[in-house]
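Worksheet: the structure to be examined is printed underneath.
Where a number appears in this text, it was derived from the coordinates with a stated rule and is not lab data. Computed from a prediction, not measured in an experiment: that's the story for all the values here. Positions of Cβ are generated from backbone atoms using ideal geometry, with glycine treated the same way; all protein chains shown enter the neighbour counts.
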Amino acid sequence: MIDFLKIWGKSSDTVKRKFLFFILIDKVFSLTTFFSKKTFTVSTSGSSGMKQRLQKKLNSSNKQNKQSKVQRIFSDVSNKYDLMNDIMSFGLHRTWKQELINNIKIKEQDTILDLATGSGDLLELIKKKSNCICVGYDSNVKMMMQAKKKLKGQKIFYVNGMAEKIPFKTNTFDTITLSFGLRNFTNIPKSLLEIKRVLKNKGKFYCLEFSEINNKSFRKIFHFYSKLIPLYGKLILNNQEAYSYLIQSIKEFPNQIQLTKKLLNAGFRKIEVFDILDGIASIHISEL
Ligand SMILES: C[S@@+](CC[C@H](N)C(=O)[O-])C[C@H]1O[C@@H](n2cnc3c(N)ncnc32)[C@H](O)[C@@H]1O
C-alpha cells in the first residue's frame, strides 16, 4: 500500500485519470455480471420441466395427426376395402379370419364385441357360427356402412366410437374380437385397458394382427412384395397414400413378443399366441 502511494504521488495527472477510469469500468462490469447471475436461470438438464412439457405437446399432436390420418384413409378406401384385401392377400385374409373364429367357443346367450369391425368380416363369420348377440364397433361410419350393407337383415348392433374410450359398462362382453385394427389405434395401451374393462371376468380377447415373420428369407420376400402394395393402391383406387400407410403401420407394429408384453401390462394374464404363415400374422388369445 505504501509503495502504491509513493507511485501515485509521482504519477502525472493523465496517468492518474486513466487509472481511475479503468477502476470505474471494472466495477461497472462486475456489477452487470452480478445482476446477470441473479436475473437469469437457464436449465439445460435433459429432464427439465420445459422439455417434458414440449415432449407431451409433441406426443399429443402426433396422436391427433395419426387419428385424423387413419380416419381419412379408411373413409377414402371404404367402398373398395374388401376388394383390395382380396387382391393384396390373394384371398388369404379370409382363411386367417376363419382361423380366429374357429378358436372361439360361442354360446347362444353370449354377447360379443367386434372391435374395429370395419366392413364386418368377423361379424359375418361369428353369425354363421352362432346366433349370439353381436355388436360391431368402429371409429369410421363409412366402414361400418359397408358392414351394414353386407350383413343386411342380420341382427347386429352397430356403434360408432374410438377404442380408446369404449362407451359400454365394465364387465359387459363375454368375448371381444379384433382383426387388423390394433395397429391403427391412436393409443394402444389405453385401448387395451378399455378392452380389459368391458370384458367380463373369464372373458376372452381374440386379436389377429400382422406380426414378424420368423424365417429370414421369407421375411425378405415379404418385404419385397410389400413394396408393390402401394402400387396396387395407386392402380386400383388411385390412392397410393392409403397403402403406403398400411405397409408403414405393419413395419412399426410390435412383434409377437412385444404385443404379449403390452397385453401383460394391460393386466391380461393367460396369453396364447399362434403364428399364421410363419408369423406374417399372429393370433393372441388373452384372458383376464
Ligand atoms: C384394417 S381395418 C380392419 C377391419 C376389419 N376388422 C377387418 O379385419 O377387415 C381397421 C379398422 O379399424 C378402425 N379404427 C381405426 N382406429 C380406430 C380406433 N381408434 N377405434 C376404433 N376403430 C378404429 C378403422 O376405421 C377400420 O375400420
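The figures follow:
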| item | result |
| --- | --- |
| Too-long pairs where the Cα-Cα distance tops 28 Å, listed order kept, from K63/K196; K149/K262; K169/K270 | K149/K262 |
| Cross-link partners of K200 among aspartates and glutamates (Cα-Cα below 12 Å; sequence separation of 8 or more within a chain) | D110, D174, E287 |
| Antiparallel bridges, percent of DSSP beta bridges restricted to segment 65-287 (to nearest 5) | 40 percent |
| Prolate/oblate/rounded call for segment 63-112, Cα gyration tensor, a/c under 1.5 rounded | oblate |
| Protection proxy ranking of 108-117, 90-99 - average other beta-carbon atoms within 10 Å, highest first | 108-117, 90-99 |
| Tensor-based shape of segment 228-281 (alpha-carbon gyration tensor, a/c under 1.5 rounded, otherwise prolate or oblate) | prolate |
